[in-house]
Each structure stands twice: as C-alpha cells, then as structure tokens.
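> Mind looking over this structure? Questions follow.
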Amino acid sequence: PRGKSLLERRFLEPFAERVFGDYPDPEFHLDREQDRLPPNVRVIEFYLPAGKQLNSHHTQENYVSANYTHVARDLLDVGINVIAQLVAVDKDEEGFSLSCNSDISLDLMAALGKRDDLAFVAQVNRNLPFMYGDAVVARDSFDLVLDDPCFDHRIFAPPRMPVSDADHMIGLYASTLIKDGGELQVGIGALGDALVYSMLLRHQDNDVYADVLRDLGVEEKFGTVIRKKGDMSRFNKGLFGATEMFVDSFMHLIDAGIMKRRVYDHAILQRLLNEGAITEDVTAETLYHLLERRAINPRFTAKDFRFLKAFGILREGVEYDDGYLVLEDGTRIEADLNQEASADHLFARCLGKRMANGAIVHGAFFLGPQAFYDWLNAMPKEMRRLIHMKSVTRVNQLYGHEELDRLHRKDARFVNTAMMMTLFGGAASDQLADGRVVSGVGGQYNFVAMAHALPDGHSLLQLRSTRTERGRMRSSIVFNYGHITIPRHLRDIVITEYGIADLRGKTDSEVAAALIEVADSRFQNALIREAQQAGKLRKGYKVPGQFRNNYPETIQAHMARLRSGGLFPTLPFGTDFTDEELVLGKVLKSLKNKAASKRRILQLLLRSAGRSGGALEPYLRRMGLEAPKTLEERLYARLLGAELGSLMSSWTKKG
C-alpha cells in the first residue's frame, strides 16, 4: 500500500515496511498508479481491492465483470499464452503445490494440457505452505520453473482490521443462523471476523452467548426465523467449510473444534454417512452397507481395493493380488465377503480404524495475515491434508459434481457482504450507480444462486445499515439503485446491525417492511414514504415499536456494556497495527470523510489552535510531524492535532 497525501504516506510507509517486508510491488501496479504504463501494456482485472481503484481511468476502462467461475474461460477466449504461478515445495513430496492459488490454474491446466503456443511458468517460494487436495501437481506440468532463494520473498499478508460495534452486531445476528452439522462459506474482513467471534462465543461459552441474545431481545424480534433456519446451541457435530477463499478466521474455527465435520469425495460413502447408516469408525458393517449399495462387489476387484484403501476402510500395509488381500507377513486372505471364513479373517486383520482422506475445508485460494501462513506452515501434515485446495469451478458451483456437493453441503450458509440493498430485495455489492467498480462480483453471485439450488441452503448478506457519502451519512437500504449485483428474485436473508430480514418467498410489501425494520431509524420514515408512493407498501404501515430505536447510540450502549464484561473486543484476533496506528487510522478515516467539505476542514483548522504536545505527542511523532518544518507539514500537523483532540475528548466524555 502507498498513500497519496502526505498523511497517508507517513502512516503507510513505516507500516508497510514492518508488515510487508520484502514483498515486491508489481511493477505494472506502480506504473499504473503513476499513470505511466507503456502504450503496449494493458492491465486487465476481474477483481479489485475494495474501493482502491475508483478514480483510476485505466483500471475502470480495463475491468472485466465476470463470475469467478468464468475467468478461466474468458482467459482462454482472449488467447492467453503465458500463465505464471507461485508454487510451494516440500522435500518429502514429489510434486509442486499450487498452495494459495489452485483456483483458476487447475481449470486452465485441465482445459489446455500441454500446448506449444502456451507457457506454464512456476516460481518456487519456500515461504508458501504446501497444501493438498487437488493442489498437488506434477513438476512437469510446467514448461519453466524459477527456483532460487532470491524468489523466497514474504507472502502478501494484509493486516486484520478493527471490528466496529455495528460489525459485531451483524456478526452476532448472523451466528444465530449457522446450523450445527452444516456447511459454511464466509469472506475476508471485519464482518467475517465478527461472525467467527460470535460463533466461538456460542460454542465455547454458550450460557454467556444465550444471555447476550436475551439481553438484546433477539428471541422476541427474530425467534421465528432463527428457530426455522438457525441454531443457537454449541457446534457438537461441527461444520464443513466450502469457500472460494479459505479465510484466516477459519483458523480459529478449526482450532476451537468447530470446523471439524469431514466430508468424503465419494457419493455413496457420503450418503451413508449423512443417513447415519455408518460412522467414520470402520467396522464390518461399513463393508456390508457398501455392498448393499453396490459400491463394491462381494469379491473385491482391483478397483474395489483401490477405493477401500483410498478411504482408509482397508488399512495401510494391506495389498491386493489377483483376488486376494496380502498382509505384511505374506498371509493371503481371499477378498470374498460371500465366504464366511474369508470374511471373518478380512474383518479381523485388514480393516482400518477410521476413514481416511476426508476434508474439513474445500478452498480455491487463501489470503490472510502472516500469523495465518505461520499457522499453516507449522500445522502437522496429517492435519493440513484435511484442507483440500480445489479449482474455483469445483468450489463455487454445483455443475459437474452436483450429487456429491449436494451431500457435502447440507444446511449450507453462504455469508457475503453487500454495499446497498433496495427495498425490492436487490443487492449492490461490486459497483456504484455511476458505473465505477468498487471490487468485483467474485463468487458472490455463484454462492447466492447455490443457496437457492440447495434445499436447505441460505444466503446471508451482511449489510452495514449506513454509509458515508461525500461527508454525509446515508442509508445503505434505499428505495432503488442504479446497479444490482444480486437480483431481487434471489433475495434471501439480509442482516444489518439492527437485525435479520427474512426475504425469501415474500411479497414486495413484506420485503420492503422487513428491510425498513432493520434500517437505521433516521431513514425509516423516508423509506416508508417512497415505498408507499410507489404502491409497494400499504398506506397504514407503521414501524413496530421494537424496531423504532435503531440508532447508533443504542448499539454503542449495548456494546459498551458487553465490552465492560470483556466481550466483543475491537480486535478479537489481534492485529499488526500498533496502538498509535489504530488511533491514527480512525483519525485519517475521519479526515478523509471531512475533506469533501471545505467548511468542515476550515472549522478543524480554527479548532487546532494551541493543540500540540502532551497527549498528542506520540501520534505526531509516529507521523513525523512533532516538529513540522514546511508549510504543508504545519497544515497537516494542525489538522491531525485537531481531529486527535476531538477524538480524545469524545473518549473522555464516554468515560
């Protein structure tokens, strides 16, 4: 990250040096930022860092809107001829691991194979975790391999961000809709961290979790949808994770024993597990159930043996030879379940103890702070093998492997973020009404559509109820908007800091009312008027009393009480920012919002007189502004001091 203003640069440069270290800045990115790309170079992207390229003409002109699952196809259509991939190595493994990015590369490899007009290039980085699943590929899959210690730079590691009061409330409400024994997909960022924090509280201290929900009146307001579609008990069965992005917050779910439900890439085996006919503990009944479902023959073939061995039903050390199972000591047992004596010997000496090669996570790529990579690298291999990296088409859609995925993804919850919702149930998540792209569609559309395709699946769209636009507070729930990512016919569940709106299968009037009831109360009356004028909400509608107190101050009061008891910390999983940087980050964000108004900046400058030294000194020193020399430095020092002073005054008033 590089700042544009003096304040941004002073804030980011020391932080970037400390956190990103020797990670190389892509030269195309630096040239694009400076508007100096050579005329023969175009940088085409399908996903952008949120909000970072809004004012880049080159980026906006060369953005491709596409589902993540269609990116490989689109690359082929434009005639891609070089594919470069970071890979991991392990001295005990023969192949390379695609590690953090099996997503598109596996699809391209499958489509292209070996071609003279295409070069697959691998660059080895020994800091990358060696991941399994479909990520392990033969070394000769690549035409060129770059392997030198100079390429072992740090892996890109974005820091964890603070979780606001509103984010924690959204995460808390979302946590009530995650079913034990189900499947979970969640994205990166503060909202994902907030959800996982509340899930940990639900699992590790369920009595406290229940008290929090009771104090907030969650049962009275949203008990119907929670009882029908959610769960508030501990995660005794555990969850399976199927997510395009294997996020660092999953690390905490795995360590806590929440993400532990194993799935297996065999439809009959998985169906038997789902039905409870068998368990992961291998017994003679396991074989008889497989025989009954015709997954194996009574007299094992070589194919039957490979299947049983692959999933640990037959133990390590047992081999197959022409209809016989051969033990380490040379004993030969006829592989025939119809022969009672042979079957008894087989059960006694050949069965494994527990099924093998299951997965607790299917992921297409991963990204997170350095602590996440350290955790993966330190993880025992047998544990890391439970994380299966796959292609994005294998994770983000059902096509081609539908029977198996339907079995894996029971009670699936797909948790994503929207920027705005219309009163009709449409969501804008990637682009503004003026056409400027904020981020990208990514896999959001895929997962929302999948939620509707699965009989017990649900899409949970997390939405902060307000946003700041040109220095003014606006509602994120609007009557209509000039761009839609998720069409209204795919509406399902929307969650704001004020609660849960259950929209699936509801009429336009019911959808509008449900969204108004979880909107900020400062905007509820205006939304009601617009909906009524359009004939979409009955004239006599009034917001129920329990939803008329949807104000930030209400949330802040709730969270202050909870935090006084040690709950819902701003940084639930730690951070790479120092204490001073956390404060400065809030100040810079506030200044950026005020920058659109010259009047507000002038007021700040007038208030800044005499504000220096004392409590402000550590912050000014961190920004190199404790002794400003130039006019620009003096101006920024005064602005920073004024905003810091205002922030500290507000803390004092809150006690």
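> Which ranges mark the strands (runs of 3 or more DSSP E) fully within region 472-533 that have 3 or more residues being surrounded by fewer than 20 Cβ atoms within 10 Å (Cβ to Cβ)?
Numbers: elements: 472-475, 493-496, 499-502.
The strands (runs of 3 or more DSSP E) meeting that bar are 472-475.
> Among the residues of region 2-23, are any in contact with a strand residue (DSSP E or B) (Cβ under 7 Å, 6 or more places away or on another chain) and either among the aliphatic types (A, V, I, L, M) or without any contact (Cβ under 8 Å) to a residue 12 or more places away in the chain (or both)? Spell out how you get there, then give the answer.
Residues of region 2-23 that are in contact with a strand residue (DSSP E or B) (Cβ under 7 Å, 6 or more places away or on another chain), as a first pass: none.
No.
> Still on this structure, I have one more. Of (1) at pLDDT below 90; (2) crowded, with 18+ Cβ neighbours inside 10 Å, Glu33 satisfies all except one. Which?
Against the list (1) at pLDDT below 90; (2) crowded, with 18+ Cβ neighbours inside 10 Å, Glu33 comes up short only on (2).
> If you don't mind, there's one more thing I want to ask. So which pairs qualify, if the first residue must be in region 299-327 and free of Cβ contacts under 8 Å to residues at least 60 places away in the same chain, the second must be outside any strand (DSSP E or B) and among the acidic types (Asp, Glu), the Cβ gap must be under 8 Å, and the two must be at least 6 apart or on different chains?
Sorted first by the residue in region 299-327, then by its partner, the pairs are Gly317/Glu328.
> If you scan region 109-136, which residues turn out to be more than 24 Å from Asp248 (Cβ to Cβ), out of contact with any strand residue (DSSP E or B) (no Cβ under 6 Å at 6 or more places or on another chain) and not small (Gly, Ala, Ser)? Before the answer, list the steps.
If we filter region 109-136 for residues that are more than 24 Å from Asp248 (Cβ to Cβ), which is where we start, we get 109-122.
The next check asks that each one be out of contact with any strand residue (DSSP E or B) (no Cβ under 6 Å at 6 or more places or on another chain); those that pass are 109-118.
Matches in region 109-136: Met109, Leu112, Lys114, Arg115, Asp116, Asp117, Leu118.
> Looking at (1) in contact (Cβ under 8 Å) with a residue 40 or more places away in the chain; (2) surrounded by 15 or more Cβ atoms within 10 Å (Cβ to Cβ); (3) not aromatic (Phe, Trp, Tyr), which is the only condition Asp143 fails?
Status for Asp143: all satisfied but (1).
> Does Tyr324 satisfy being surrounded by fewer than 19 Cβ atoms within 10 Å (Cβ to Cβ), among the hydroxyl-bearing types (Ser, Thr, Tyr) and over 21 Å from Tyr264 (Cβ atoms)? So that I can check it myself, show each step before the final result.
Working: surrounded by fewer than 19 Cβ atoms within 10 Å (Cβ to Cβ): yes; among the hydroxyl-bearing types (Ser, Thr, Tyr): yes; over 21 Å from Tyr264 (Cβ atoms): yes.
When the stated conditions are applied, Tyr324 passes them.
> Pull out all pairs, ordered by first then second residue, where Cβ-Cβ is under 7 Å, the residues are six or more apart or on different chains, the first lies in region 615-626 and is touching a residue at least 12 places away in the same chain (Cβ under 8 Å), and the second is of a type in the set (Val, Ile, Thr).
From residues that are touching a residue at least 12 places away in the same chain (Cβ under 8 Å), the pairs are Tyr619/Val583.
Listed here are the residues, each with its yes/no results for (1) under 30 Å from Arg406 (Cα atoms); (2) surrounded by 13 or more Cβ atoms within 10 Å (Cβ to Cβ); (3) not charged (D, E, K, R).
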{"residue": "Gly276", "(1), (2), (3)": "yes, no, yes"}
{"residue": "Val282", "(1), (2), (3)": "yes, yes, yes"}
{"residue": "Ile296", "(1), (2), (3)": "yes, yes, yes"}
{"residue": "Arg315", "(1), (2), (3)": "yes, yes, no"}
{"residue": "Tyr320", "(1), (2), (3)": "no, yes, yes"}
{"residue": "Glu328", "(1), (2), (3)": "no, no, no"}
{"residue": "Ser342", "(1), (2), (3)": "no, yes, yes"}
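> All but one of (1) under 26 Å from the mean Cα position of the chain (by Cα); (2) assigned to a helix (DSSP H, G or I); (3) not acidic (Asp, Glu) hold for Leu30, so report the exception by its number.
Evaluating Leu30 over (1) under 26 Å from the mean Cα position of the chain (by Cα); (2) assigned to a helix (DSSP H, G or I); (3) not acidic (Asp, Glu) leaves (1) as the failure.
> While we're here: Of the residues that make up region 117-139, is at least one free of Cβ contacts under 8 Å to residues at least 60 places away in the same chain, part of a helix (DSSP H, G or I), not assigned by TED's automatic domain parsing to the domain that holds Leu213 and not β-branched (Val, Ile, Thr)?
yes
> Here's a follow-up. Quick one: is Pro298 at pLDDT 95 or above and within 22 Å of Met259 (Cα to Cα)?
Numbers: at pLDDT 95 or above: yes; within 22 Å of Met259 (Cα to Cα): no.
In short, no.
> Taking the stated definitions as given, is Ile254 in the same structural domain as Arg202 (by TED's automatic domain parsing) and either in a loop (DSSP other than H, G, I, E, B) or within 23 Å of Leu398 (Cα to Cα) (or both)?
Working: in the same structural domain as Arg202 (by TED's automatic domain parsing): yes; either in a loop (DSSP other than H, G, I, E, B) or within 23 Å of Leu398 (Cα to Cα) (or both): no.
Answer is no for this residue.
> Which condition number does Ala111 fail, the rest of (1) over 26 Å from Val448 (Cα atoms); (2) part of a loop (DSSP other than H, G, I, E, B); (3) modelled with pLDDT under 95 being met?
(2)
> Go through region 68-98 and count every residue that is in contact with a helix residue (DSSP H, G or I) (Cβ under 9 Å, 6 or more places away or on another chain), under 27 Å from Tyr23 (Cα atoms) and hydroxyl-bearing (Ser, Thr, Tyr).
Here the count works out to 1.
> Same structure again: Of Val87, Val19, which residue is under 25 Å from the mean Cα position of the chain (by Cα) and assigned to a strand (DSSP E or B)? Walk me through it before giving the result.
Values: Val19 fails: assigned to a strand (DSSP E or B).
Going through Val87, Val19 in turn, the sole match is Val87.
> Report whether or not Val82 is touching a His at 6+ places or on another chain (Cβ under 8 Å) and either among the aliphatic types (A, V, I, L, M) or buried (at least 17 other Cβ atoms within 10 Å of the Cβ) (or both). Even if it seems obvious, please write down each step before you answer.
Numbers: touching a His at 6+ places or on another chain (Cβ under 8 Å): no; either among the aliphatic types (A, V, I, L, M) or buried (at least 17 other Cβ atoms within 10 Å of the Cβ) (or both): yes.
Judged against the criteria, Val82 is not a match.
> Considering only residues of region 539-564 that are part of a loop (DSSP other than H, G, I, E, B) and at pLDDT 95 or above, which is surrounded by the fewest Cβ atoms within 10 Å (Cβ to Cβ)?
Of all residues in region 539-564, those part of a loop (DSSP other than H, G, I, E, B) come to 539-544, 548-551.
Adding the requirement that they be at pLDDT 95 or above leaves 541-544, 548-551.
Details: Tyr541: 14, Lys542: 8, Val543: 17, Pro544: 10, Arg548: 12, Asn549: 10, Asn550: 23, Tyr551: 13.
Across region 539-564, the extreme among qualifying residues is Lys542.
> Right, another one. Examine region 70-77 for a residue that is more than 24 Å from the chain's Cα centre (by Cα), within 30 Å of Asp140 (Cβ to Cβ) and exposed (fewer than 13 other Cβ atoms within 10 Å of the Cβ), and state whether such a residue exists.
Within region 70-77, one or more residues are more than 24 Å from the chain's Cα centre (by Cα), within 30 Å of Asp140 (Cβ to Cβ) and exposed (fewer than 13 other Cβ atoms within 10 Å of the Cβ).
The values are calculated or read from the model by the stated rules, or taken from the named source; none is laboratory data. Because the structure is predicted, anything quoted here is derived from the model rather than measured. Glycine also receives a Cβ, built like all others from the backbone with ideal geometry; neighbour counts cover every protein chain displayed.
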